[in-house]
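Step one of this worksheet: look at the structure below.
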Amino acid sequence: MIFHKVPSVVEVRGLFIVDHTSCVARFSYLHMKYLFFSWLAVFVGSWVVYVEYSSYTELCRGHECKNSICDKFQKGVIDGSACNSLCEKDTLYLGKCLSAKPSNQVYSGSWGDMEGIIKCQMEEDPHYDLGAELEPRKESASFNRPTKGTSMEKFKEMVFSHLKAKVGDQANLADLVTLVLGVADSNKDGQISLSEAHSAWALLQLNEFLLSIVLQEREHTPRLLGFCGDLYVMEKVPYVPLYGVSLPWMVELWIPASLRRSIDQWAAPSWPRKAKIAIGLFELVEDLFHGTFGSFLMCDVSAAGFGYTERHDIKVVDARRIVPEAAFQEVMRERRCEEDSDCMYGRDCLTSCDLTKHRCTTEATQPNLAKVCSTLKDYILYGAPLDIKDELEKQLYACIALKGASEQMEMEHSLILNNLKTLLWKKISHTKDS
């Protein structure tokens, strides 16, 4: 019996030793695994912080823009209604950076009691795409036109010629010149100084500034609150973008498209309010299509370019890609191409390539209305009342199918536009949302 017990103790001890070794090995493995993932998390976190910081410092250069503008103001090169507040009184404050491109600085900010959006142009590397051709940055940034000694009449002629090249030979072009000169006279003394003229000429190179003047009576663009050089302050639009929720870019990478759409629809206003917003966007299309001072093309009809007010009135918040049709056609006429995709401007303005001449044609393949309907389709159909949903969907698809070069386009354009506005308005006209 004793002989049999000894090995059993040894055996038990052996088992104990094996179990102890196994536990030590497992603990070491878990410890190393923990350390590895901890270091990995630190590395990834540091990389994210570095990328975000690098992106921020590249995109957000508002202090450089302010310093450059104020230096020119203090030297007497430029002047404008916002210069004193920005450079001397410090009552025009640059807040949160909203820039998407280093060359176009955008900040939320405040000016005394007013909230606004401050936009400032920055020099960039000498690379010119179609957008640069339509907005010649080098000339506007140098503030060297008009030259010293230029008379008021000569400056008027400069403005007239520039606007004629932009919007075409309109019968009422003199009225547009008067509007521009009224804005240029920032202190409202009835005279335009050379420094005020420098600022006005720089701003005239920008599509957004021109559109704010063209549509100032129509309330589809935020009010221009003031300017200094080519820095300008616009009225802040409370709700941006038109639809959708802004999420951190890391979340955007992983969230499924179906879930993203559901979140966007959940965060949208009620359907009657969406209908009012849509009607406002259709009215904007009307104002741009054979408007008071010629036609304009909407070359980026994405939700990010629009917002709305507390009363659900539509506002254009980024008009850089809303361009005069005459200027667009002139640039396209000289553009070389090998295929249709070479004739694209922005997201949404495409012409065709004439392969016999290897030049772009001048007519956009889609009218503004078709692009707007495409952007609004899912937004306005979601939650639509059942008694109009089928007809609304039918009209939207007919709208999306519009082609820019067809002979009947203008008639079809007007018919579909009126049908959509009437259909939506009849449904909400009796509600408080109207």
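Note on residue 391 and residue 422: the model spin-label points, each 7 Å out from Cα along the C-beta direction, lie 0.9 nm apart. Counted by Cβ distance under 13 Å from residue 225, the other residues give a net charge of 0, where Lys and Arg count +1 and Asp and Glu count -1. Note on region 270-429: dipole from Cβ charges, positive end direction compared against 297, 422, 308; the farthest Cα belongs to 308.
Among the protein heavy atoms of region 270-429, carbon and sulfur supply 49% of the accessible surface, probe 1.4 Å, non-protein parts ignored. The solvent-accessible area of residue 365, taken with every protein chain present and a 1.4 Å probe, is close to 60 Å².
Annotation: residue 387 carries an accessible surface of approximately 110 Å², with a 1.4 Å probe and no ligand, DNA or RNA atoms counted. Distant-in-sequence amide contacts of residue 335, defined by a placed amide H-H separation under 5 Å and a gap of 5 or more residues or a different chain, comprise 360.
The values are calculated or read from the model by the stated rules, or taken from the named source; none is laboratory data. This structure is a prediction, so every number in the text was calculated from the model and none was measured. Ideal geometry is used to build each Cβ from the backbone, glycine not excepted, and the neighbour counts take in all protein chains shown. Heavy atoms of the whole protein, side chains included, go into the accessibility calculation; ligands, DNA and RNA do not. Shrake-Rupley method; radii C 1.70, N 1.55, O 1.52, S 1.80 Å.
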